[in-house]
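Read the structure below first, then the notes.
The values are calculated or read from the model by the stated rules, or taken from the named source; none is laboratory data. What you see is a predicted model, and the numbers here were worked out from it, not measured in a lab. In this analysis, Cβ positions are derived from the backbone assuming ideal geometry, glycine residues included, and neighbour counts consider all displayed protein chains. With ligands, DNA and RNA removed, areas are computed over all heavy atoms of the protein, side chains included. Shrake-Rupley method; radii C 1.70, N 1.55, O 1.52, S 1.80 Å.
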Number of protein chains: 2
Amino acid sequence: MTLPGPLNPPSRLLMGPGPINADPRVLRAMSAALVGQYDPFMTHAMNEVMELYRRVFVTSHRQTLLVDSTSRGGIEAAFVSVLEPGDKVLVPVMGRFGHLLVEIAQRCGAEVHTVEVPWGQVAPYELIADAMEKVQPKLLAVVHGDTSTTVVQPFDGLSDLCQRYGTLLYADVTATIGGNEFLTDAWGVDIATGGLQKCLGGPSGSAPVTFSAHAEAVINSRKSIEAGIRAEGDAVASHPIRSNYFDMSMVFEYWSERRLNHHTEATTMLYGARECARIVLEEGLERFQARHLVHGRAMMAGVRGLGLGVFGDVEHKMTNIVGVVIPDGVDGEAVRGHLLQDFGIEIGTSFGPLHGKVWRIGTMGCNARQDAVLTTLAALESVLRREGFGLPAGGGVDEAYRVYAEATA
Amino acid sequence: MTLPGPLNPPSRLLMGPGPINADPRVLRAMSAALVGQYDPFMTHAMNEVMELYRRVFVTSHRQTLLVDSTSRGGIEAAFVSVLEPGDKVLVPVMGRFGHLLVEIAQRCGAEVHTVEVPWGQVAPYELIADAMEKVQPKLLAVVHGDTSTTVVQPFDGLSDLCQRYGTLLYADVTATIGGNEFLTDAWGVDIATGGLQKCLGGPSGSAPVTFSAHAEAVINSRKSIEAGIRAEGDAVASHPIRSNYFDMSMVFEYWSERRLNHHTEATTMLYGARECARIVLEEGLERFQARHLVHGRAMMAGVRGLGLGVFGDVEHKMTNIVGVVIPDGVDGEAVRGHLLQDFGIEIGTSFGPLHGKVWRIGTMGCNARQDAVLTTLAALESVLRREGFGLPAGGGVDEAYRVYAEATA
């Protein structure tokens, strides 16, 4: 094998369910020089990241920090730190990522109960309330926005239910954080875990997470400082957390003023995560979300303007993604292939029961903007026409323009 | 809180045990634009990474890839995928990272046996052989080079021992890979896990790993494809791996031509990991190691030229790090502080029994170069003199120059 040359990725407009194009400012931040693990600049940057993400999560939770893994690892860090074998967990399953929460909780040895609703629907409060009464779980684990189905789950009343049964409330906000309203404290959420690669406009590989004092206490009751660095008086739990890497009690110590050595913080990813949050807050969280809302609406209107159906409960649609019903007789993968190869535009396929039936088109992060929406709609129209699907000329772009006109009126 | 500005890290020469300065080419590679998770460019880049790291690990192991975590997560991924509760593990403990292997194996529920040697020594073959006969473990887990003590453990005979007892041989090469000879196949190593932040000259956050066919078979016997994406005929294990994120059987599928969805690959870290390996191989693995050897020698000679003692068994010293005995009456942390604040140079402190007694000075990656070595020695001399420690003027730099003169003679 000859040695491959330096990287030279093709130009892509990533309008799928994520990862999406990273904001150029995030990539620039990630090219900044490294400093040492305990350099005052580094520990200051860690503290800044905590404060920045408190504002993104709208929380005062002290333990708001990064897990050095993709968003999936953030979920596992939360679950494995909280759950002991045999602990009960309740998961409303509305799509692929509900299944993932079940899967991860089961790997932790938890006794997992589910309520299931058809993909594309939200779980009704009554369904969850009944199951909560029956199961009385240690953890209620809810996907806030499931990109596999494009719907966002209402959290009304969930915190009250959790208080009634002493349950911790967990939210997977990977796909929603930043671009959809999510109020950690106001909604009484104990634990939320996210990722950079959706609305926050960064690369996958770092998971912003937040833990309430209640969650922290549960986790710290299982604390066991590892032998190599244990000091006198340090905790040795009788039933320690079953992971070292994802042991949040030790990660909390690392991010505390004690700075107890754990992993070596992924500096470049931290730089990126810091810039992601900074960009959101510079625009302002509400304006950032409003922007996602208007471009998401424009995309949905454009899809309909092309004569295509929209999948799922649009009353509860996430701002940043739309499910598009693939018309009969159209080869969904052929369309995606032409969009990518000929136009450099990526849209998403689907998982499980929606595979081959639904495309998913995202409008998030720095791609939640007019030119990205209009270009995608025009390209989709071109490809569909060449695939032999009759559709109104310019109907997609026209409808999107109409939404923009209304938004600025 | 007002919003902090864009990142502007101070200029640092990172001459500690790692992380060290990232090679500027790696940081540039990490600012490349993202592509989609299954973009042909991305899957091609994943395949390139596999091939590049086979050459860095000197192996033909098919399963040579990245774990999306720091090097610590790479260790855990290997252990949790191989070890079932009650499995026996043998760990020679020569320093902090031996303790870490014990800790991680215990979290997996393994029955962990150790042989311990004083920090700064290697474990004699006979000691390991006796313990192997007694324990007959499923896994022999060895730190190749423990930065906490600066020594590199010989692997002679370990593979034969492992074959005798059907044991898998694991090596933690986080601190050695690239800059010290490590021959995965020739030494019969089944599993090795590394990191970017030492000799490879990248940031922490991605763990290159390699698994033999034997290790792969052990892991795949525990395979259980998660419910959300399970197809007919897919495995459901009776005793699944206790982690989803670190389930290497699923990670193998993701990196295979099947491309079964698991986590979302950390694209930017992968770009960085690819460039790290490319830089090593462009220089040539042997020349890369020879460079580490000469600059490591120059640093050690310089340290002695300053009248300072060198810690540990120097016959088995890693190429890329030297332990320096802090002289009596010198405040080690004050010296480190002045080096960092006044000269912008970082050297390392130590853990456990060596804390306050030994500094650790690294010469690795792009910092294994003459100007970095001479500058560090000159600065250390200045700081020590101002701390009141009498030492031969210019003796450190002179001795380093002498090594360079010999090396080019």
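Just a few scattered comments:
- Flag if A:GLY36 is within 7 Å of chain B (Cβ to nearest Cβ), open to solvent by less than 20 Å² (accessible area, probe 1.4 Å) and in a helix (DSSP H, G or I): no
- Of residues in segment B:56-73 being part of a loop (DSSP other than H, G, I, E, B) and either modelled with pLDDT under 95 or at the interface with chain A (Cβ under 8 Å from one of its Cβ atoms) (or both), the one nearest to B:LYS317 (Cα to Cα): B:THR70
- Options A:PRO240, A:PRO203; residue that is more than 21 Å from A:MET46 (Cβ to Cβ), facing chain B (nearest Cβ under 10 Å) and not acidic (Asp, Glu): A:PRO240
- Residues in segment B:46-54 include none that are more than 29 Å from B:VAL189 (Cβ to Cβ) and open to solvent by 50 Å² or more (accessible area, probe 1.4 Å).
- Taking the criterion of being open to solvent by 70 Å² or more (accessible area, probe 1.4 Å) and assigned to a helix (DSSP H, G or I), the residues of segment B:391-409 that qualify are B:ASP398, B:TYR401, B:ARG402, B:GLU406, B:THR408.
- When segment B:99-116 is filtered for residues that are assigned to a loop (DSSP other than H, G, I, E, B) and in contact with a strand residue (DSSP E or B) (Cβ under 7 Å, 6 or more places away or on another chain), only B:ALA110 remains.
- Residues in segment B:194-208 that are in a strand (DSSP E or B) and under 8 Å from the mean Cα position of the chain (by Cα): 0 in all.
- When residues in segment A:260-287 are screened for being in a loop (DSSP other than H, G, I, E, B) and either modelled with pLDDT under 95 or within 7 Å of chain B (Cβ to nearest Cβ) (or both), 7 of them pass.
- Residue in segment B:176-214 that is farthest from A:PRO203 (Cα to Cα), counting only those that are open to solvent by less than 20 Å² (accessible area, probe 1.4 Å) and out of contact with any helix residue (DSSP H, G or I) (no Cβ under 8 Å at 6 or more places or on another chain): B:SER212
- Every residue from segment B:159-175 that is assigned to a helix (DSSP H, G or I) and open to solvent by 10 Å² or more (accessible area, probe 1.4 Å): B:SER159, B:ASP160, B:GLN163, B:ARG164, B:TYR165
- Failed criterion for A:THR184 (all others in (1) part of a loop (DSSP other than H, G, I, E, B); (2) modelled with pLDDT of 95 or more; (3) more than 24 Å from A:ARG291 (Cα to Cα) hold): (3)
- When A:ASN320 is tested against the conditions (1) in contact with a Cys (Cβ under 6 Å, 6 or more places away or on another chain); (2) surrounded by fewer than 23 Cβ atoms within 10 Å (Cβ to Cβ); (3) among the polar types (S, T, N, Q), the lone failure is (2).
- Flag not set for A:LEU127, criterion: more than 9 Å from chain B (Cβ to nearest Cβ), of a type outside the set (Val, Ile, Thr) and farther than 19 Å from A:PHE155 by Cα.
- Residue selected from segment A:112-124 under the condition over 27 Å from A:ARG222 (Cβ atoms) and within 14 Å of chain B (Cβ to nearest Cβ), by the criterion least open to solvent (accessible area, probe 1.4 Å): A:TRP119
- Taken over segment B:19-33, residues that are in contact with a strand residue (DSSP E or B) (Cβ under 6 Å, 6 or more places away or on another chain) and open to solvent by 10 Å² or more (accessible area, probe 1.4 Å) amount to 1.
Conditions tested, residue by residue: (1) farther than 16 Å from B:LEU90 by Cβ; (2) without any contact (Cβ under 8 Å) to a residue 24 or more places away in the chain.
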{"position": "B:THR114", "(1), (2)": "no, no"}
{"position": "B:GLN121", "(1), (2)": "yes, no"}
{"position": "B:ASP130", "(1), (2)": "no, yes"}
{"position": "B:VAL143", "(1), (2)": "no, no"}
{"position": "B:THR147", "(1), (2)": "yes, no"}
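- For the residues B:ASP130, B:ASP146, B:ASP87, the requirement of being in contact with a Cys (Cβ under 9 Å, 6 or more places away or on another chain) and acidic (Asp, Glu) singles out B:ASP87.
- Filtered residues of segment B:242-256 (kept if farther than 18 Å from B:GLY74 by Cβ and either touching a Phe, Trp or Tyr at 6+ places or on another chain (Cβ under 9 Å) or modelled with pLDDT under 95 (or both)): none
- Of all residues in segment A:143-183, those satisfying the criterion of being of a type in the set (S, T, N, Q), closer than 22 Å to A:GLY296 by Cβ and more than 13 Å from the chain's Cα centre (by Cα) are A:THR149, A:GLN153.
- The set of residues from segment A:3-33 being closer than 21 Å to A:GLY194 by Cβ, facing chain B (nearest Cβ under 7 Å), in a loop (DSSP other than H, G, I, E, B) and of a type in the set (A, V, I, L, M) comprises A:ALA22, A:MET30.
- Criterion (touching a strand residue (DSSP E or B) at 6+ places or on another chain (Cβ under 8 Å) and either surrounded by 20 or more Cβ atoms within 10 Å (Cβ to Cβ) or not assigned by TED's automatic domain parsing to the domain that holds A:LEU380 (or both)) met by exactly one of A:LEU306, A:LEU339: A:LEU339
- No other residue among A:ALA290, A:ALA217, A:ALA298 is within 30 Å of A:ALA400 (Cα to Cα), away from chain B (no Cβ under 14 Å) and either part of a loop (DSSP other than H, G, I, E, B) or open to solvent by 10 Å² or more (accessible area, probe 1.4 Å) (or both) apart from A:ALA290.
- Index of the failed condition, B:GLY109 passing every other in (1) free of Cβ contacts under 8 Å to residues at least 60 places away in the same chain; (2) open to solvent by 20 Å² or more (accessible area, probe 1.4 Å); (3) of a type outside the set (Val, Ile, Thr): (1)
- Inside segment A:74-98, residues that are more than 11 Å from every other protein chain (Cβ to nearest Cβ) and in a helix (DSSP H, G or I) make up a count of 3.
- Flag for A:VAL56 being touching a Lys or Arg at 6+ places or on another chain (Cβ under 6 Å), at negative phi and assigned by TED's automatic domain parsing to the domain that holds A:SER206: no
- Some residue of segment B:82-101 being closer than 20 Å to B:THR184 by Cβ, assigned by TED's automatic domain parsing to the domain that holds B:HIS262 and either open to solvent by 10 Å² or more (accessible area, probe 1.4 Å) or of a type in the set (Phe, Trp, Tyr) (or both): yes
- Residue among B:GLY388, B:GLY337, B:GLY356, B:GLY307 that is within 14 Å of chain A (Cβ to nearest Cβ), part of a loop (DSSP other than H, G, I, E, B) and over 21 Å from the mean Cα position of the chain (by Cα): B:GLY356
- Failed item in (1) within 12 Å of chain A (Cβ to nearest Cβ); (2) not in a helix (DSSP H, G or I), with B:VAL49 passing the rest: (2)
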